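Below: the structure, in structure tokens.
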Amino acid sequence: MTRALINDLGSDNVIAADLVDSDPTINCRYEKLDIVDAKKYESIVKENKVDYIVHLAAILSASGEKMPDLAYDVNVTGAQNAFMLSREYKTQLFIPSSIAAFGGDNFQKDMTPNDTILQPKTIYGVTKVFNELLGQYYHDKYGVDFRSIRYPGVISSAKYAFNGTTDYSTGKLC
């Protein structure tokens, strides 16, 4: 995602952020950021006059089941920080959802409609449903331009030795 944004917008118009100190493979401004650090997150948005947030931070299913408190903190508190910043600084906001929002056996598996029953079975799925609903709330109540899409188990455009959804992601907050 970061590389695509750099290609589309130019490296001077993209800020990548993650937990690691740096990422030399990304050719744009880089910030070390723990997504639950609201003050640091705000300083990045405010100081750089950010107008669009692509919020990709999440603890995925396997790790989330082992550490549900961390999954809640990153997936909900981190997203709440993005919602508050979007409201305050009038940014557009994209937070992807996941097919993990469905869960259970009581939904149409082919051509699943958006308004189908949601019965997630993991903390990751529960937090994705919460963020979808919170995004609708922030849109309706505060006019936040929020977008989300339920992606299947696609994590990266790069090819890795493993397959399927894992707790490895090359995505960055932009």
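Within the listed set G125, G78, G104, the Gaussian network model of the chain (springs between alpha-carbon atoms below 10 Å) gives the highest mean-square fluctuation for G104. Note that the stretch 75-90 has calculated 3J(HN,Hα) couplings of 6, 9, 5, x, 5, 4, 4, 5, 4, 4, 5, 5, 5, 5, 9, 6 Hz, one per residue in order, obtained from phi through the Karplus relation 6.51 cos²θ - 1.76 cosθ + 1.60 (θ = phi - 60°); glycine and proline are x. First check a/c for the stretch 1-155, with a ≥ b ≥ c the square roots of the eigenvalues of its C-alpha gyration tensor; if it is under 1.5, answer rounded, and if not, answer prolate when a/b is larger than b/c or oblate otherwise. Since a/c reaches 1.5 and a/b is larger than b/c, the shape of the stretch 1-155 is classed as prolate. If the chain between Y52 and R29 were fully stretched, how many nm would it gain, using 0.36 nm times the residue separation less the Cα-Cα distance? Extending this stretch completely gives an extra 6.8 nm. Non-local lysine pairs in the stretch 2-151, meaning eight or more places apart or on different chains, with alpha-carbon distances under 22 Å, amount to 15.
For the pair Y151 and K90, the difference between a 0.36 nm per residue extended length and the Cα-Cα distance amounts to 19.4 nm. Please list, in chain and number order, the residues 5+ apart from S97 or on another chain whose amide H is under 5 Å from its amide H, with Hs placed from the backbone. For S97, the qualifying residues are I149, R150, Y151. Annotation: amide H of D145 within the under-5 Å range of L93, sequence separation 5 or more or interchain, hydrogens built in the peptide plane.
We did not get these values from a lab; they are worked out from the coordinates using the rules stated. All of these numbers come straight from a predicted model, not from anything done at the bench.
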